Amino acid sequence: MELFPSLSFSVLCIQILVGLSKATILFIVASGLTLILGVLRIPNLAHGSLYMIGAFTTYSIATAFSQSNLGFWVALLLAPLVVALIGLIMEQGLFRFLYKRDHLMMLLFTFSFTLVFADLVKLVWGSDYRSLAVPKIFQGSYLLLGMPFPRYNLFLLLLGPLFAAGLWYLTNRTLLGKISRAAAVDREMVGAVGVNVNLVYAAVFVLGCYLAGIGGALVAPTQNISQGMDHSIIIEIFLIVIIGGLGNVWGALLGAVIFGLTDAIGILVAPQFGIVFPYLAVITVLTFRPKGLLKSIW
Amino acid sequence: MKTSLRFFCFAALVCCSLLTVSSAFAAKTIKVGIVDTYSGPASTYTNDVRDAFALAAGKINAAGGIFGQQLEFITRDSKFKVDLGLSAAKELVMREEVDILMGTINSSLALAISNFAKQEKIPFLVTFAKSAKITGEKGHRYVFSMNENTAMIGKAAAAGLAKKPYTRYWIAGDDYEYGHAVADAVWENLKQLKPEVKLLGKSWWKVGEPDFTPYITAMLAEKPDAVIIATGGRDCVPFLKAAQATGFNTQVPFYMHTGTEVSTLKPLGLSAPEGVIGTANYHSYYPDTVENRAFVAEFEKAYGRTPAVGALYGYIAAQFISEAYAKAGEVDTEKFIDALEGLSVDSPVGQVTMRAEDHQVMLPMFMGVTTKAAGKSVLVARDIVTISATEAMPSLDAIRKARQN
């Protein structure tokens, strides 16, 4: 048996594309986590729960509108807003009063929210898993280089750069972005020059939650929507944020791409041990750059 | 005054006698304690077991019960956890004083309860757990399996696949006991039946893997003749979804146990992939016999949904209990077990027998290929081939060897 018989050029290309489309969702969710982490200094463990709520809400809205072909698109629009609203309530109702507490305290608070949200999801949607069909126009696959590539993955692939560009614009070109970057470095100074820091914090928190909701909505048609999807994503996106550099949006992008690619290529090269490759990548990165690849805001 | 006193005494007497009568009634029931996962994703499967058992028990009771005693059952939710399930089983035996234990979909829990049942000398009827160890290596006098196990899946699948023209195979599955057990069993048997088959390689994914697309493109690159997918439970659904999205099913035929079963296909509706080769113990539409049609009609009338494979397990469990007591002639645990060994009962899939030597029920397996059917919102199996129970059962030599170690 030759070594890596499968590593032909076309197969490698497709596998890279599959990996990148997976990285898109990871990036969108991780960027929300890293924004909140960078600006508000909250390690929000409940971020995965918000992603799960996003996915379940998408299911409910999409099935409510299942008569028309637009069900999923309506859900993609509305479900993240629902999640953002939950984020707003969390921030205004609780976190607003806790910014002075130390990180361990915050970690415990957000952990308690993961439990609350898990039970909430169980109450609202029950313990069964749900499955949502891919929207009509993205069903099936394209043939690229002789290999099938699912249309929905292509859609995700196109969304990735769009979100990256949008986040770049937001953080570098808008007032909110500039203030939040400044607030991340020195909160009191920003307050002293007359900026309403609380408002900025609320906006960033809600935006982060919104991104979790988008991630949940986008992933809904590709997998089982079930209890437990919060745990699996939170571990992955925390690793992504850590290898990218805490609080750095570009770090989240880089981390997500590394995670997605090592996963896809690993499956191709050593299918029996495909699971371990992303984690090996994390270990390698942290061995050589313990503070992450890009500059950490912390 | 005197009359009222007399009346009071009389009323008290009546009450007392009523009490003793009702307590006598209470003692005269046969209690089955069911421990299973009723919360979480596995409940999709277990609810059918319980509901079909309730349906069959209701019929038995309506026909006069077992020697006039009602067949009762109590359920406990194990939440797919071994410790919770085992303490629930203990509670059922110690406090509720159940005569028989039943359940569960979790193989580790089934083995734990089996061990407890052995110590307590309480019959334990396993429903849904698929580890071959239950009636193989860890089998004993008090444990019975009401469903197929990984060894039977392997033999049945190999028998079906050997008749197909494929020789170059790829194996992929859950990196977990069920996945490895099914993969090994299918492959061992297939190699024996068809020595020219060749294994190109294997891929293993974690249980609960959300996205199978990278695994599928990697397998497609190897260009196997066919793929054996050893994944179980709810993971079948996203796998089939990814297979549909990539067109995997149209390029490489693949086999998946329960791939044709309604529990797996229902969540996907008409977007489930066609052409998937699957095996299952039961279909509501096959075998198309009077018995099966009657059973489906009854189940649909009672619960408003089509029975899935779990319903068969629940139904035969109730049948075996009532017939075994009838054969034993009295309600006695040891006589019940003796009677259950080798007993045959009628079921929606025809007569099924409890093999005396290893306490494994002999169920036929149906191999088919998924297809859309006119007027149905869920895919069905076509070209169904029946693999008889005798073909699928592990050999008695294999059982003896496993138990010696």
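General remarks:
- Relative packing of A:151-163, A:259-271, B:323-335, which averages over residues the other C-beta atoms within 10 Å, highest first: A:259-271, A:151-163, B:323-335
- With the simple model of a label 7 Å out from the Cα in the direction of the Cβ, B:Asp397 to A:Leu115 spans 5.6 nm.
- Peptide A:263-270, shielding by other chains (average Cβ, 10 Å cutoff): 4
- In chain B, helices alone account for a calculated mean residue ellipticity at 222 nm of -14500 deg cm²/dmol, with every DSSP H run of four or more residues adding -39,500 (n - 2.57).
- Cα-based shape type of region A:1-92, given that a ≥ b ≥ c are square roots of the gyration tensor eigenvalues and the cut on a/c is 1.5: oblate
- Additional length obtainable on full extension of the chain from A:Leu280 to A:Glu188, 0.36 nm per residue less Cα span: 29.1 nm
- Base-10 log of normalised Debye intensity for the protein assembly as shown (one unit scatterer per alpha-carbon) at q = 0.11 Å⁻¹: -1.14
- Inter-chain Cβ neighbour average for residues A:277-287, partner chain, 10 Å: 0
- Gyration tensor (alpha-carbon) shape descriptor, region A:226-298, a/c threshold 1.5: oblate
- Spatial separation of Cα centroids for region B:152-192 and region A:234-298, in angstrom: 35
- Efficiency of FRET between B:Gln351 and B:Lys31 - r from beta-carbon atoms, R0 41 angstrom, step 0.05: 0.90
- Cβ charges +1 (Lys, Arg) and -1 (Asp, Glu), total dipole of region A:25-288, debye: 400
- Extreme residue, positive dipole direction of the protein assembly as shown, given options B:Ala185, A:Tyr279, A:Leu199 (C-beta unit charges): A:Leu199
- Computed from Cα atoms, the angle from the helix B:150-162 axis to the main principal axis of chain B rounds to 40 degrees.
- Placing dummy labels 7 Å off each Cα toward the beta-carbon, the span from A:Leu85 to A:Ser66 is 2.3 nm.
- Distance cut-off 21 Å, percentage of C-alpha pairs in region A:81-198 lying past it: 66
- Among beta bridges identified by DSSP and lying wholly in the protein assembly as shown, the antiparallel ones come to about 40 percent.
- Spin-label pair A:Leu144-A:Ser8: with each label point 7 Å from Cα along the Cα-Cβ axis, the two points sit 1.7 nm from one another.
- Rounded to the nearest 0.05, the FRET efficiency derived from the C-beta distance between B:Gln404 and B:Ser377 at R0 = 30 Å is 0.05.
- For B:Thr135, neighbours were defined as the other residues whose beta-carbon sits under 15 Å from its Cβ, and their charges (Lys and Arg +1, Asp and Glu -1) total +4.
- The gain in end-to-end length when the A:Leu199 to A:Tyr99 segment is fully stretched comes to 34.7 nm, 0.36 nm per residue minus the alpha carbon separation.
- Farthest positive-ward along the protein assembly as shown dipole, Cα basis, beta-carbon charges - from A:Gln92, B:Asn405, A:Leu120: A:Gln92
- Length released on extending from B:Asp338 to B:Lys163, taking residue separation times 0.36 nm less the Cα-Cα span: 59.1 nm
- Principal-axis tilt of helix A:47-64 within chain A, Cα atoms, nearest 10 degrees: 70
- Highest-first arrangement of A:211-220, A:229-238, where packing means the average Cβ count within 10 Å: A:211-220, A:229-238
- Relative contact order computed over region A:25-288 (Cα-Cα under 8 Å; 6+ residues apart), in percent: 38
- By the Kirkwood approach, averaging reciprocal distances over each pair of separate Cα atoms, region B:236-280 gets a hydrodynamic radius of 10.2 Å.
- Within chain B, DSSP assigns beta bridges of which about 35% are antiparallel (rounded to the nearest 5).
- Translational diffusion coefficient (Stokes-Einstein; Kirkwood radius from C-alpha pairs) of region A:25-288 at 37 °C, 0.692 mPa s, in µm²/s: 171
- Average beta carbon contacts from partner chains per residue of B:255-267, 10 Å cutoff: 1
- Cut-off under 5 Å, modelled amide H: who pairs with B:Ser203 long-range: B:Ile171, B:Ala172, B:Gly173
- Nearest-ten-degree value, helix B:213-222 long axis tilted from longest Cα axis of chain B: 50
- With helices as the sole contributors, chain A gives -24000 deg cm²/dmol at 222 nm; each DSSP H run of n ≥ 4 counts as -39500 (n - 2.57), and the sum is divided by every residue.
Readers should treat all values here as calculations from the given coordinates under stated rules, not as data from a laboratory. Note that the coordinates shown come from a computational prediction; the quantities given were computed from them, not determined experimentally. When we count neighbours, we look across all protein chains shown, and the Cβ atoms used for this are built from the backbone with ideal geometry, even at glycine.
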